[in-house]
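No lab work stands behind these numbers, since they all come straight from the coordinates. Model, not experiment: these values are computed from the prediction. Cβ: placed from backbone, ideal geometry, glycine included. Neighbour counts: every protein chain shown.
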Amino acid sequence: MTAFILRRLMQSVGVVAVMSLIVFFGVHIVGDPVYLLINPQADQEDIEAAIRALGLDRPIWEQYWHFLTGALQGDLGRSFVFGEPALKLILDRMPATLELAIAALLMAIIFGIPLGLYAGLKPQSWASKTIMAGSILGFSLPTFWVGIMLIMVFAVMLGWLPSTGRGPTATFLGITSSLFTLEGWRYVLLPATNLALLKISLVVRLTRAGTREAIHQDYIRFARAKGLPTHRVIGVHLLKNILIPVVTVLGLEFGNLVAFSVVTETIFAWPGMGRLLISSIQSLDRPVIVAYLIIIVLMFIIINLVVDILYSLLDPRVRLGEKSA
Amino acid sequence: MIEAAATAQEPHIGAGDAEPTLAVEELKTHFFTKAGVVKAVDGVSFSIKRGEVLGIVGESGSGKSITGLSIIGLIDPPGRIVSGAIRFKGRDLTKLSEEEIRQLRGDRIAMIFQDPMMALNPVLRIDTQIIEAVRAHHDVDRGTALEMAREALSAVGIPAPERRLKAYPHELSGGMRQRVAIAIAFINKPDLIIADEPTTALDVTIQAQILHVAQELCRNTGTALIWITHDLAVVSAIADRIAVMYAGRIVEQGTAAEVIGSPLHPYTRGLIGSVPSHNARGKRLYQISGMTPSLLHLPPGCAFRNRCDYAGPLCSEAPPVTEPTQGRQLRCFYPLKSEAMS
Amino acid sequence: MSVTEAPAAIAEKNDASAVETPLRRFVSAYCESKLAVGAALFLLVLILLAAFAPLIAPQNPYDLAQVDVLDSRLPPGEVGFSGMTYWLGSDGAGRDLLSAMLYGLRISLSVGFLSGLIAMAIGAAIGLIAAYVGGRVDSLIMRIVDLQLSFPAILVALMLIAVLGKGVDKIIIALVTVQWAYYARTVRGSALVESQKEYVEAARCLGLSHARILFRHILPNCLPPLIVVATVQAAHAIALEATLSFLGVGLPQTEPSLGLLISNGFEYVLSGKYWISTFPGIALLVTIVTINLVGDQLRDVLNPRLAR
C-alpha cells in the first residue's frame, strides 16, 4: 500500500516538473515573453528596465531556473491590473470557487445517485424514461444559457433568490465559508445548481448504467435467494458495488467543476478564481493567467492522486491485492 | 462409478411416506421475448420427499435451471410462471405474494449457484454475507449470528473459520467459496435446497469433496435436495431419484438405479452412452447426433425426434407421460427394452 | 451471464434469420427508436435552415441598410416602424431576432462541424499511426493524448486563446486542439483491434503499401465508433464555441454565433426583455439536444457489447 502511494507521488512530481517546463516554454515560444510579463503600455525605458530586472535578457535556461526557484518560493509574477502578486490574487479567490464546486458536487450526489438508481432498477417505467430524457437535456443545455434562465426565472420573475454575488461568510473549524450561513446558501443555490446540472446528468447516467449491469449479476440473485429484504439487496449489495466507479468519476469531475466555474462565476458575478481568469484574459493580464494555469495543474494532479488512493481503499480487491488462497 | 452406484443406492433416513416436501405439478415457465415465446419449462411434474435427493439432468437449454429458479421464485421479466402449481409443504408457491416468498427464501428453501465467485458479493466480507442470511429471517443479535456463522463454516469443513470470516471472497479458493455458499444455504436449516450446477465450475478433485459435504449435511438434517447438473457421473453418486429433462420437459424419471441401470428413453440412453468411461477404449466416443432445437421454434411432436435413433410415426405427436412401472415416468412412444447397461 | 437469459439467447442464436446486409441491419436497428429518427430528420432540417439562411431570413441583420435602430428591443410579434413584423422580437440594435438566429445558427454549425472535421482528420491520422506503428511511438502519443484529455476542454481552449489572441481562425484552432485527442484515442483503440485481425495479415502478405492498408483496409472498419464520437464531439464543439463567445473570448462581433447573441441579450434579462437571450438559447439547446439524441441512438446501435 505504501509502495503504491510512494510510486504515485513520484509520478506526480514528475508530471509537475513536465508541466512547469511546458508552461514556461509554451509562454516563451508562442508569445513574446516581454509582453507576457510586462505591461505593454509602459514606457520604453521602463520596459528595458523591467527586462533587465526580470532577467529576460539572460539565456533561456537561466530564465527557467529563475522561474522555477521563484515559483517554488511562491512568486509567480505580478498582476498588471492589480499590481499585487498573482499568486495571492488567486489564492484569495480560491475559497469562493471551492465553495461553489463543493456545493455543486453535493447536489450532484444527492440528486444524481437516487435518480440514477431508480432509472436503473425500473428502466421501462414512465418516470425512468423521463429521468433519462432529462439527463440528455442536462448535458445538452449550455451551462451559460441555463444560468441566464435561472436568473430570469428565480431572481427576476419570482424574486425568490438573489441574482448575483456571494453571501455572508462564517468561520467554522478555521475555515471561512459562506456555506456556513443560511443566508449564504441563498446566494450559492442558483450558481451551484447551474454548475451541478451537467454533473447531475452525468451521475444519473453513470449510476443507471452501473445499476443495470450490476442487477443481473449472480451476487444480486444470490442475495435475493437468501431472502434478504429488497432494501438491503439494493442499499447494501448493489450500492456498494456501483459506488466505487461513481465515486472515482465524481472525484475526477471535481477538477472539471472548478474549471467550469469560469462560466458560472461570470454570470452570477461570483467572486472566484474563474471570474478573475476571464477578466484577466480580456485585460491581457498575463501573469495572472500563467499563475492560474499552474495552480490548476497542481490542483488536478492532487485530485488525481487522491482519487487513485480513494479507489484503492474502497475496492477490497485492489486494496488486498489479487491473492489466491 | 456409474455401475457401482446403480446397484448400491439406498433410500435416505426419513424418506418415508409422509407428505412430500415439494410437489411440482405441470409447471410451465415461459419467456416472452421480442423474438417470440421461449417455453423454457413446459409441463414439468415431480415430487421430492423429506431427506430425498433428486437429480435433474439435462443439457444447456433443457430448462433445468429455470425449473429451480421457478421454485424459489426468482424468475424475472420477460419470464413468468404461466401455469402449474408448486406445492411446498402444502402451500402453493405460485399463489404467494412476493413478500411471503421472500420469507421462505433463505430460510425454508435455499439455493446454491454455479459460480461461487460471482455468487458472493466481492466487496462484502464473508461474515457479513453469512450473518445477513440469518438475521433476515430470525431475530438474533450479531454476536449469536457470528457464532452460528463460525459453526456453519466448521460444518462444511473449512479449517480456521475465524480467519475466513474476516476475509473477502477473492481471498478464498473456488472450493472454499462454494463451501461458504453451502454453509449459507444450510445455516437456517431449510427443508429444501436447490443446487444449480454447484460443482461445474470446480476442479474434479474438489467436486468430490463438495458432493460429500452436501450429502453429509442432507443426511444429518433431513433436508431435501434438488441437484441440477448436466453431469451424469456426478448425479449418480448422490441422487436417490433422477429426472432427465429435454427441451423443457421431463422425458424420464425414476430411481437412480432404474434410470441409469436400465434407461427407457433413447435420450437417457444417449446421455449414459456418451460418458467417456462408458465407452470402450480406442473406439470412437458415442455422441448423440444433431443439436438441441431452438426453444423458440420447437418442432411439433416429440422434441427429441430429429435426433432419435428409434423415432417412429407416432412421434409426430407429443408423447404424454406414462408410468411403465411403479414410481417410473416416461415420455416416449417407443421406449427401449429394459436391458441392463453393460 | 444470468441464467434466466440463457434459454432466450440460445433460442435466438439457433434461430435462422433472413439474410440482411449490414447497412440494412444498421438502418433498421437505428429506426427502432422513433425519437432518434425524429431527431435525425430534425437535424437535417436545421442544417438546411442554416445553409439557406440568407434566402430564408426575413432580413439580413448585418446589412446596416436593412436594420432600423428605432425598432430595437421590440417584444416578439410586434410590428416595427419599418413595417416589418419581428416574429421573435428584436435585439438592442434593432436587428430582427429570427434572422439573427438563422445566421447565428449558420455560423455555429459551420464552426462546429468544420473544427470537428479537421479534428477528426488529424486525430484519426494520429490514432491510426499510433496503433499501426506501435511500441514507443504509440506510448508517447497516448501519453500526450491522456495528458490532454485529463484537462477540461474549456480550460485548454481558454489558455490557447489567452496566448494566441482572438479571431475566427484562432477559435477553430482552439476547438480542434480540444477535440483531436478524443478522435485519436478512439481510432487508436479500434485500429489496434483491427490490426490483429487476419485480413490485415493477408493484406501485408499481398505486399500492399502501409498507407494503403491503413486507409483502405483498417480505417473503414474503425468507422462505427468514430461516427459515435464524431456526433458527441460535434455537440460539444458547438457548445464550447457558444460558451467562449458568450464569455467574450470567442468569435468576434462580425461573425455572431448563437453564443454571442445570447451574450448580447444578457444585459437585458434583468429588465425583463427576456427574448433576446431566450430564443437564441433555445435554438442552441435544440441543436445540441438533437445531435445528442442522434449520437445516443448511434452509440446504442453500433455498440457490439450491447448485442441484442
From the phi angles alone, apply the Karplus equation (6.51, -1.76, 1.60; θ = phi - 60°) to region A:307-316 and give each ³J(HN,Hα) in whole Hz, x where the residue is Gly or Pro. 5, 4, 5, 4, 4, 5, 6, 6, 9, x
According to a simple spin-label model (label point 7 Å from Cα along Cα-to-Cβ), what is the distance in nm between B:Asp76 and C:Ala211? 5.3
Amide N of region A:149-172 lying under 11 Å from the label point, which is placed 7 angstrom from the Cα of A:Arg186 along Cα→Cβ: A:160-163, A:167-168
Exposed-loop cut sites defined as GluC sites (Glu not before Pro) in DSSP loop states with at most 15 other Cβ within 10 angstrom; longest site-free run of chain C spans C:33-308
Dipole check, the protein assembly as shown, charges on Cβ (K,R +1; D,E -1), about Cα centroid: among C:Ser257, B:Val234, A:Tyr292 the Cα furthest to the positive pole belongs to B:Val234
Which lysines have a Cα lying under 19 Å from the Cα of C:Lys273, excluding residues fewer than 8 positions away in the same chain? none
Ranking of A:Thr97, B:Thr144, A:Thr69 by count of other Cβ atoms within 10 Å, fewest first: A:Thr69, B:Thr144, A:Thr97
Among B:Gly261, A:Met157, B:Pro293, which residue has its Cα positioned farthest towards the positive end of the charge dipole of the protein assembly as shown, with +1 placed on the Cβ of Lys and Arg, -1 on the Cβ of Asp and Glu, and the dipole taken about the Cα centre? B:Gly261
Approximate spin-label separation C:Ala65-B:Arg281, in nm, with each point projected 7 Å along Cα-to-Cβ: 10.6
For the table B:Lys28/B:Lys95; A:Lys240/B:Lys189; B:Lys49/B:Lys189; B:Lys89/B:Lys189; B:Lys49/B:Lys95; B:Lys64/B:Lys95, the rows whose alpha-carbon distance is greater than 19 Å are A:Lys240/B:Lys189; B:Lys49/B:Lys95; B:Lys64/B:Lys95
Along region B:322-335, Karplus-curve 3J(HN,Hα) (6.51, -1.76, 1.60; θ = phi - 60°) to the nearest Hz, with x for Gly and Pro, reads 10, 10, x, 9, 4, x, 9, 10, 7, 10, 6, 7, 10, x
Residue among B:Val140, B:Val321, B:Val24 with the largest mean-square fluctuation in a Gaussian network model of chain B, springs linking Cα atoms under 10 Å: B:Val140
Can you give the longest run of chain B that contains no trypsin sites (Lys or Arg not before Pro) sitting in a DSSP loop with at most 13 other Cβ atoms inside 10 Å? B:35-165
Need the list of aspartates and glutamates near C:Lys170 for cross-linking: C-alpha distance under 15 angstrom, and skip anything on the same chain fewer than eight residues off. C:Glu241, C:Glu255
Scan around B:Gly79 for amide H atoms under 5 Å from its own, H built in the peptide plane at 1.01 Å from N, and keep only partners 5 or more places away or cross-chain. B:Phe32
Can you name the helices of chain C, as whole DSSP H runs, whose Cα span along the helix axis is 20 Å or more and whose Kyte-Doolittle mean is not below 1.0? C:34-51, C:97-133, C:219-247, C:275-302
Mean-square fluctuation maximum in Gaussian network of chain C, Cα pairs under 10 Å, restricted to C:Gly259, C:Gly89, C:Gly165, hits C:Gly165
For B:Asp196, what is the net charge nearby, where nearby means another residue's Cβ is under 13 Å from its Cβ and Lys, Arg count +1, Asp, Glu -1? -2
For B:Leu295, other-chain or 5+-apart residues with amide H closer than 5 Å (H placed, Pro excluded) are C:Ala11
GNM on chain C, C-alpha springs below 10 Å: top fluctuator among C:Thr278, C:Thr254, C:Thr186? C:Thr254
Kindly put B:Ile210, B:Ile238, C:Ile291 in sequence by how many other C-beta atoms sit within 10 Å of each C-beta, fewest to most. B:Ile238, B:Ile210, C:Ile291
Please sort through the DSSP H helices of chain B and keep those with an alpha-carbon extent of at least 27 Å along the long axis and a Kyte-Doolittle average not below 0.0. none
Kirkwood hydrodynamic radius (Cα pairs, Å) of the protein assembly as shown? 33.3
How many nm separate the modelled label positions at A:Ala133 and C:Arg136, each set 7 Å beyond the Cα in the direction of the Cβ? 5.6
